[in-house]
Amino acid sequence: MNEVYITSSGTFLPNKAISNEKIDTFLGRINGKESRVKDRILNQNGIKSRYYAINEKQETTHSNAQLAVHAVEDALKKSSLRSSDVELLCTGTTQGDLPIPGFASMVHANLDFNRCEVASFQSVCASGIMALKNAYAQIKSNEKTNAICVGSELASRLFKASRFEAQEADSLPFDAEFLRWMLSDGAGAFVLQNKKNEHGISLKIDWIDLKSHANEFPACMYLGKTDNMNETEKTWLDYPSYEEASKAGAINLKQDTRLLNKVIQTGIAHYFELIDQGKIAKDSIDWLCCHYSSEVFKAPIKELMLKGGAAITDEKWFSNLSTKGNTGAASIFIMLDELMYSGKLKLGDKILCMVPESGRFITSFMQLTVSGNIDGNKKSYPLREIKAPELIIDKNETSEWLIRNLTQVWIDFETGLLKTPIIKKIHDGKLSLSDYKLLLTDLRQQVIDGSQWISRAASNIDIELFDLRSAFIKHTATEHKDYQMLERNFEALGENIDLIRAGNKNIGTIALTSFMFQQASKPNPIDLLGAMFIIEGIGKRLADYWGNMIKKQLSLKDNQVSFFIYHGVADENHFHNLEKALNHPEMNMEMAKKIVKTAKVTAKLYKMQLEELGNY
């Protein structure tokens, strides 16, 4: 059985934080009237600010799926897992944007994932834990090596004043108005893997335990009917029309507050069961992340724990309810995200998560252990000013035009490189050793072809352009052994050299080398000087800089990064050969334009090669 780790997390809270005083501005006042219970509910729940995915005109600014997508993207930015390698997507929400299809499908459609397994869990607060349990079980049993789990909620659009006014309601019953001042919007996501982070902390999932008590209690939080005690009452789909269901209040979200104490009691009973089973050792708990919907419930939870002899002291409780609001299925994700990156965790800390659901009484618990390397959280590296490698060539109208345009091509190229996942990880200090090995493997497949297309280009240059042919041949002589340096770096990392030799070209490399060979096969392919400007420019300006960042953050030796360090020096000399070629007396504006176009295409395809690492 595999261990399962939360290796990164992310959140998305839409728009700006909204204070208690501004809630009415977004939800609207029903028939223009002030609520008689709002202040009392807000005073009890302790929420000071929250986030809504609607604006002051009560228009939706983000779909629920979009909230989830943004949270997933935030989690993946902090992860070594590439989006193209995600094997499983599990989602939890109270209500997706559409009744059909499933919420996970809608989220998957908006992510840059490949085909993967999806699982949609619809409940209330516990749906996020259901999603986690599914992913945990699949990785634990070795069916998957990784998964993305996301909890997301968009409750605010259910509470717009216009909805209730359309029902011709003069005021709302308490069970319908209560949640209007309790719930808000947001999403949180976790990356789960079968191995912990190579640097930085991970949260090992020790166990997840979830129980339904629906056989014992009626619905407590519900939508689709008007009487939670009447099991035979028709549902919103059984009315003659949706309009009649709406006017009857059947599509209003309601909470039977008389049952909420039972939810607390049931949750604490489950807590004591887990102690009896030996899953929870209360003295070993360092943090309690308890999802309670209102501060008013914290005291009775603590009282019941104390009475049972298993109290958890105040300083171990962690919650961000007051600042992030009650986001239902997303709450535990958003809470753990803040704790995970707070700097407060120590290796070996035990985190107990408690997520009760009032829907029809579900209680759930999860225990995590902090593992990895606290000191391994890497610092980011400052971004340098973007500028093109300097070209020193004779000044004339053609050369000045050429330098201006190649400079712009380079600036666009380097700007784009900084947005590619692998380069962003290098600059953010988030590169893993497996990322670096993949980079070496994929670069090797491109570099080994470099001398071949240059040789082909040289063979197709007319004797009348002997000086240019010589420039290409000299370039071939310096390039043809570079791939061996990549192989030695890979082997110095403890890997079998046969693995990198047997590697495949990724789809970006195929596009890049195919273009190079196509151009090299044409008569007098002088335009490939533009390709050389990009490739040698990487060596002159970026290779040594990247190599040193990689070396520092992965604590590598010189013989493990020598390909990059070498090119930072060697390509300075290669660049001088390029400058000589560009100074050729036959250079004219037509040729210059072809060189710029080829530089532009090469830049696009080289960036694509880095974006498609591992995509074969």
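In the set [x] 45; [y] 42; [z] 35, which value of percent of Cα pairs over 38 Å apart was calculated from the structure you see?
[x]
At a 1.4 Å probe radius, carbon and sulfur cover how many percent of the accessible area of region 310-434?
The nonpolar share, carbon plus sulfur, comes to 51 percent.
What FRET efficiency, computed as 1/(1 + (r/R0)^6) with R0 = 22 Å and r the Cβ-Cβ distance, is obtained for residue 597 and residue 481, rounded to the nearest 0.05?
0.15
If you average over every viewing direction, what projected area does the convex hull of the Cα atoms of region 1-140 give, in nm²?
Approximately 10.6 nm², given one-decimal rounding.
Is there a pair in 262/302; 395/522; 22/225 whose C-alpha atoms are over 26 Å apart, and which pairs would that be?
In this structure, 395/522; 22/225 lie more than 26 Å apart at Cα.
What relative contact order, as a whole-number percentage, does region 43-167 give when Cα pairs under 8 Å and 6 or more residues apart are counted?
It rounds to 31 percent for region 43-167.
Relative contact order, percent, of region 288-355 when contacts are C-alpha pairs under 8 Å separated by at least 6 residues?
54 percent
Calculate the spin-label point distance for residue 34 paired with residue 404, positioning each point 7 Å from the Cα along the beta-carbon direction, and give it in nanometres.
For the pair residue 404/residue 34, the computed spacing is 6.6 nm.
Express in whole angstrom the spacing between the alpha-carbon centres of region 489-549 and region 593-616.
10 Å
What nm distance separates the two modelled labels at residue 323 and residue 275, each placed 7 Å from Cα along Cα→Cβ?
Taking the simple label geometry, residue 323 and residue 275 are separated by 3.1 nm.
Output needed for region 142-258: three equivalent-ellipsoid semi-axes, defined as square roots of 5 times the C-alpha gyration tensor eigenvalues, in descending order, whole Å.
Working through the eigenvalues yields semi-axes of 38, 18, 14 Å.
In this model, which of 387/552; 505/597; 48/254; 160/344 are farther than 30 Å apart at the alpha-carbon?
160/344
Within the accessible area of region 144-294, what % is carbon and sulfur when the probe is 1.4 Å and the other protein chains stay in place?
Here it works out to 49 percent.
Residue by residue through region 39-47, which ³J(HN,Hα) values in whole Hz follow from phi under the Karplus form 6.51 cos²θ - 1.76 cosθ + 1.60 (θ = phi - 60°), with glycine and proline marked x?
In residue order, the calculated couplings are 4, 5, 5, 5, 5, 6, 7, x, 7 Hz.
Please report the spacing between the Cα centers of region 268-315 and region 388-403 in Å, no decimals.
Comparing the Cα centres of region 268-315 and region 388-403, I get a distance of 72 Å.
Going by alpha carbons, how many degrees (0 to 90, nearest 10) lie between the helix axis of 64-77 and the longest principal axis of the chain?
50 degrees
Considering only protein heavy atoms, what per residue accessible area in square angstrom results for region 195-246 with a 1.4 angstrom probe?
54 Å²
Between residue 19 and residue 517, what length comes free when the chain is fully extended (0.36 nm per residue of separation minus the Cα-Cα distance, one decimal in nm)?
173.1 nm
Listed highest first by mean packing, meaning other Cβ atoms within 10 Å per residue, what order do 214-225, 534-545, 160-171 come in?
In descending order of packing, they fall as 534-545, 214-225, 160-171.
Bins of 5 Å, beginning at zero and ending with the bin holding the largest distance: percent of Cα pairs per bin for region 200-324, please.
Computed distribution, short to long bins: 2, 8, 15, 17, 16, 13, 10, 8, 6, 4, 2, 0.
Given the convex hull of the Cα atoms of region 426-557, what is a quarter of its surface area in nm²?
Taking the Cα atoms of region 426-557, their convex hull projects to 8.4 nm² on average.
Amide H to amide H under 5 Å from residue 359: which residues, 5+ apart in sequence or cross-chain, H placed 1.01 Å off N in plane?
Result for residue 359 returns 125, 221.
How large is the direction-averaged shadow of the alpha-carbon convex hull of region 97-173, in nm²?
Directional mean of the projected Cα hull area for region 97-173 stands at 6.9 nm².
Using each residue's phi in region 489-501, evaluate 6.51 cos²θ - 1.76 cosθ + 1.60 at θ = phi - 60° and report the 3J(HN,Hα) Karplus result to the nearest Hz, with x for Gly and Pro.
Those phi angles translate into 4, 5, 5, 5, 7, x, 9, 6, 4, 5, 5, 6, 5 Hz.
Over the chain, what is the mean sequence separation of C-alpha contacts under 8 Å (at least six apart), divided by residue count, expressed as relative contact order in percent?
15 percent
Per residue, how large is the accessible surface of region 291-445? Use a 1.4 angstrom probe and give square angstrom.
Result: 42 Å² per residue.
Which of the peptides 228-241, 130-143 is most tightly packed, and how do the rest follow, going by the mean number of other Cβ atoms within 10 Å of each residue?
Ranked from most to least packed, the peptides come out as 130-143, 228-241.
When all alpha-carbon pairs of region 326-468 are counted, what percent fall beyond 18 Å?
78 percent
Provide the FRET efficiency to the nearest 0.05 for the residue 206-residue 495 pair, computing r from the beta carbons and using R0 = 41 Å.
Step by step, r from the Cβ atoms, then E = 0.80.
Can you run phi through the Karplus equation (6.51, -1.76, 1.60; θ = phi - 60°) for region 340-349 and list ³J(HN,Hα) in whole Hz, with x for Gly and Pro?
Once θ is set to phi - 60°, the couplings for region 340-349 become 4, 9, 7, x, 8, 7, 10, 4, x, 4 Hz.
If you roll a 1.4 Å probe over the heavy atoms of the protein chains, what accessible area per residue do you get for region 58-191, in Å²?
Per residue, region 58-191 has an accessible area of 36 Å².
Enumerate the amide H contacts of residue 206 below 5 Å, restricted to partners 5 or more residues apart or on another chain; note that Pro and chain-start residues carry no placed amide H.
Here the answer is 367, 368, 369, since their amide H atoms fall under 5 Å of that of residue 206.
Quick one: which residues, 5+ away or cross-chain, put their amide H under 5 Å from the amide H of residue 326? H built at 1.01 Å from N.
Answer set, sorted by chain and number: 184.
Take the Cα pairs of region 1-63, get the Kirkwood Rh, then feed it into Stokes-Einstein at 10 °C and 1.306 mPa s and tell me D in µm²/s.
111 µm²/s
Can you give me the three principal axis dimensions of region 118-160 from its C-alpha atoms, in Å, biggest first?
45, 14, 11
Taking a label point 7 Å from the Cα of residue 237 along the Cα→Cβ vector, which residues of region 192-231 have an amide N closer than 15 Å to it?
223-225
Treat each spin label as a single point 7 Å out from the Cα along the C-beta direction, and report the residue 394 to residue 229 distance in nm.
9.9 nm
Could you calculate the contour length gain from residue 55 to residue 73, that is, 0.36 nm times the residue separation minus the distance between their Cα atoms, to one decimal place in nm?
Working it through step by step, the gained length comes to 4.1 nm.
If N is the number of residues in region 271-349, what value comes out of its Cα radius of gyration divided by 2.2 N^0.38 Å?
Rg over 2.2 N^0.38 Å, computed on Cα atoms: 1.14.
The values are calculated or read from the model by the stated rules, or taken from the named source; none is laboratory data. All of these numbers come straight from a predicted model, not from anything done at the bench. Backbone-built Cβ (ideal geometry, glycine too); neighbour counts: all protein chains shown. Remember, those area values only see protein heavy atoms, side chains included, never the ligands or the DNA or RNA. Shrake-Rupley method; radii C 1.70, N 1.55, O 1.52, S 1.80 Å.
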